[in-house]
C-alpha cells in the first residue's frame, strides 16, 4: 500500500477551509449543521510520501490537508498507524465549526458526574444545547486536613468535601467520548508533573484516536504540596518537570522515534503508538493564574487557560503573555485563550471576545439531572442561540 500526505498552505486566507467554514451563515451553525474543514494546527509547507507493505493488492491513498495559523478550530487526520502488515487509516472527523465564541462546561467528572448515568446525561445534554466542550478536573488524592492554600477560592480551600468522588479525568472523558459524537473533551486541568510522560503520551493519543480527534490536553503544575509528597515527587521541581514533560510528549508523538534526554526523563528511540489523530499532536492548554503561568503558556502552550475571574485580571495576565511572546518572537495569536466565568450574558461574552478570548467555560448550573438539563437549555436559548 502506498500512502501520500500533502500539506499545503492556501495562497490567502479566503481559500482557507476553516475560514470558509466560519464565514457560512450563522443560522447553519445554530441549527447544528456541520461545517467541513481540513487543516492542521501548525502553519507551514511540507509534503511526505510513505510506502508501506500491505497484505492485499497495492493501494494508493492521498490526503490533502490545508494548513492555517488558527490553532483552536482545525485538525488533520493522523499520519500514524502505518506499519508493515497494518493498513488501517483513521479518518479526520468532521466537527462542528462555530462562528464566534465557544463554550465549555467545567467539573464534568466531579461529584455525581463521576457516575455513568449522570456523566452520560451531562455529556449528551452539553452536546445537545451547543456547548463545544466539557472539562474534567484532577486530583489523584486529597490529603486529609491539607494546609496548602487553594488559589482559586477566597477561603483557600477547595469548595467541596475532601471525600468528593473525582474520577480520573482521562477515563471519564473516554466514557464521554463513547456517548457523544462532536463534543470536544478536555482535561481542565491534568497535573502533568505527577505523571510519567510515556504513559501520558500513550493515554492521550489513545483517547484522541477513540474520540476521532476531539481531545484537548489542559495541563497545570499543581498547587497541593501534600499531594506531591504522597506521590514522592518534589514539589519544588513541578514547573521544570512540566516543561520537560511537554517536550517529551511532543517527541513521542512524532512519526519517527527519537531519543529523549532531559533532567528528569531519558530514553532511547521508542515506538509509542497510536499517534494522535490531531497533528502534530493533541493541543496543549496551559492552566494557571500567575505571571509564571502566562510565561509558560507563551513558551510551550497551544492555548492558555488563566484561572482569573474578571476581565480586568484577564487583561493583565494576557499582557504578560504578550510580553513573553514578544521576547520569544512568537505570535500571541497562535495561542488560543480560554477563560472561566460563573455568570455569563451576551454583554459579558462580547467583553471577553474583545479581549481575544476564544472559549468561555461555565460551571454546571445544577448537579441533579433535571436541574442540569433545564439550566443548560436555558443558557443555550439565552446566550448561544443569540450570538
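Since every read-out is calculated from the coordinates, none of them should be taken as a lab result. The structure displayed is predicted, hence computed values, not measured ones. Cβ: placed from backbone, ideal geometry, glycine included. Neighbour counts: every protein chain shown.
Miscellaneous remarks
- For the residues 306, 269, the requirement of being closer than 27 Å to residue 235 by Cβ and free of Cβ contacts under 8 Å to residues at least 60 places away in the same chain singles out 306.
- The criterion of being at negative phi and crowded, with 17+ Cβ neighbours inside 10 Å holds for residue 296.
- Note on the stretch 276-286: residues that are surrounded by fewer than 24 Cβ atoms within 10 Å (Cβ to Cβ) and either under 28 Å from residue 342 (Cβ atoms) or over 16 Å from the mean Cα position of the chain (by Cα) (or both) amount to 2.
- Boolean, residue 360 is buried (at least 19 other Cβ atoms within 10 Å of the Cβ), touching a residue at least 12 places away in the same chain (Cβ under 8 Å) and not in a helix (DSSP H, G or I): yes
- Across the stretch 221-237, the qualifying residues are those that are touching a helix residue (DSSP H, G or I) at 6+ places or on another chain (Cβ under 8 Å), in contact (Cβ under 8 Å) with a residue 24 or more places away in the chain and not in a helix (DSSP H, G or I), and the one among them that is surrounded by the fewest Cβ atoms within 10 Å (Cβ to Cβ) is 233.
- Selected residue (only one of 151, 169, 143, 165 is surrounded by fewer than 17 Cβ atoms within 10 Å (Cβ to Cβ) and out of contact with any helix residue (DSSP H, G or I) (no Cβ under 6 Å at 6 or more places or on another chain)): 151
- Residue under evaluation residue 351, criteria (1) touching a helix residue (DSSP H, G or I) at 6+ places or on another chain (Cβ under 7 Å); (2) crowded, with 18+ Cβ neighbours inside 10 Å, criterion not met: (2)
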